[in-house]
Amino acid sequence: MDSWAAPSVPKLPGTGPALQLFDTATQQVRATAPGPTARMYVCGITPYDATHMGHAATYVAFDLVYRAWLDAGHDVHYVQNVTDIDDPLLERAVERGEDWRTIALRETALFREDMTALNVIPPREYIGAVEAIPSVAEYVLQLQSQGSVYAVDNDLYFSVHADPTFGSVANLDHARMLEIFAERGGDPDRPGKRDPLDCLVWQDARPDEPAWNTPLGHGRPGWHIECVAIALDHLGPTIDVQGGGSDLAFPHHEMGASEAQVLTGQTYAQHYVHAGMVGWQGHKMSKSRGNLVFVSQLRHSGVDPMAIRLALLAHHYRTDWAWTPHGLEGATDRLSLWRMGAAAAKGPDFAPYLERMRRHLSNDLRTPEVLDVVDTWAAAASDDTGDSADAPALMQAAVLALLGVSL
Ligand code: 5CA
Ligand code: ZN
């Protein structure tokens, strides 16, 4: 699929420190240690109601990972999927009396527009699940030949315990795994499964549902194996970061890691990184609950996308937080202050501010602290403090390169 246009990312003087990120699997902030090219896979949207603030917060968080790596001197190979065939999309299509493909195309187009408006750097490969079906079928055949796939009726399941490290991504106890699995698309109670946690890798065609012909038969893929197939095809057996919102840690990233590790015999991701959940009206913002604030609605009502981006950046990416109109007002004021600072003839010397911005960003993306640093500089510059004539342009470049905010 086409991704979207890349924003400009200025090169700053010097290089930033190694990026430290919290890893869900080890429950620690650890240094990322990519080679010259960092490899990142972030789970994409299921395109039936995009882009709400929760989505935006998650993709902006991983955009910061991308920017921090660029600043530390790495190239970044970033891959993202679109889950353009899935139960919720089919359910929505029936509800609305629309073709599922029409909904997927429309919502994916809107997502691209929103990501462009928010200055999110696009993935190098943006791949629809439908495009990946032949590849999924090959991986399932390979798992089958390795003895880790079995049939229940004509559906195929992956034996999660084929991976001896199964459970080490989300670190949940067995009871909790069963509970969450049932809540998030799993089927622990289906008769005929060898283990309740085994996950679907291929679903035989159902009446009135789309299906594809493959060597596995006529059907469609299970969810987790789609992301694994796309990541392995484009990034290779080991990636630096597997990303998504915290609702994906289990089962999605747990199952995906096990499938990939059985396929390759190698560790799948060095870091499993999860963004917190954004709420609204007392609940996690979710398509199924329908309590959504959309990026596109705000944009069309005249809100500057850079204010939306700043409203997201005011929260540390790992905390759960609630969207509020008040937060957006604060971000709009901040944007004006920063623009005043950038337009000033002079400002405080840039170098110590850049050093602090980089230190906070590379320390597990501490954006609230980065914003404080820029606030201090901008307040001083708009107050005529400082006598560096280069500083306003340099600060504008740093805010764009590190935070993705155009002043
Ligand atoms: N297509 C799958 C991933 S393969 C999926 O989870 N799609 S999604 O549209 O439901 O979510 C897209 C991304 O946004 C995921 O990383 C998800 O964790 C994240 N997300 C969804 N709701 C929220 C929320 N309320 N707050 C923060 N992130 C969210
Ligand atoms: Zn995914």
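Miscellaneous remarks
- Looking across T214, T264, one residue alone is farther than 29 Å from T58 by Cβ, surrounded by fewer than 24 Cβ atoms within 10 Å (Cβ to Cβ) and away from ligand 2 (no atom under 13 Å from the Cβ). It is T214.
- The residues of the range 267-290 that are of a type in the set (S, T, Y) and within 13 Å of ligand 2 (Cβ to nearest atom), listed by number, are Y268, Y272.
- Listing of strands (runs of 3 or more DSSP E) fully contained in the range 1-110 that carry 2 or more residues being within 12 Å of ligand 1 (Cβ to nearest atom), modelled with pLDDT of 95 or more and of a type outside the set (D, E, K, R): 37-42, 75-82
- Filtering the range 157-165 for residues that are within 25 Å of the chain's Cα centre (by Cα), crowded, with 18+ Cβ neighbours inside 10 Å and assigned to a helix (DSSP H, G or I) leaves a non-empty set.
- Among the residues of the range 246-275, the one identified as outside any strand (DSSP E or B), within 12 Å of ligand 1 (Cβ to nearest atom), small (G, A, S) and in contact with a helix residue (DSSP H, G or I) (Cβ under 6 Å, 6 or more places away or on another chain) is G256.
- L298 meets all of the listed conditions (1) crowded, with 18+ Cβ neighbours inside 10 Å; (2) more than 16 Å from ligand 2 (Cβ to nearest atom); (3) not in a helix (DSSP H, G or I) but one, namely (3).
- Test: L118 is of a type in the set (A, V, I, L, M, F, W, C) and surrounded by fewer than 21 Cβ atoms within 10 Å (Cβ to Cβ): no
Here's the yes/no breakdown for (1) under 16 Å from L403 (Cβ atoms); (2) assigned to a helix (DSSP H, G or I):
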{"residue": "H315", "(1), (2)": "yes, no"}
{"residue": "A331", "(1), (2)": "yes, yes"}
{"residue": "A345", "(1), (2)": "no, no"}
{"residue": "P352", "(1), (2)": "no, yes"}
{"residue": "M357", "(1), (2)": "yes, yes"}
{"residue": "P368", "(1), (2)": "yes, yes"}
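- Residue in the range 292-300 that is more than 18 Å from the chain's Cα centre (by Cα) and of a type in the set (K, R) present: yes
- Residue satisfying all of: in the range 166-181; surrounded by fewer than 19 Cβ atoms within 10 Å (Cβ to Cβ) and outside any helix (DSSP H, G or I); farthest from the chain's Cα centre (by Cα) among these: D173
The values are calculated or read from the model by the stated rules, or taken from the named source; none is laboratory data. Everything numeric here is computed off the predicted structure, so don't read it as measured data. In this analysis, Cβ positions are derived from the backbone assuming ideal geometry, glycine residues included, and neighbour counts consider all displayed protein chains.
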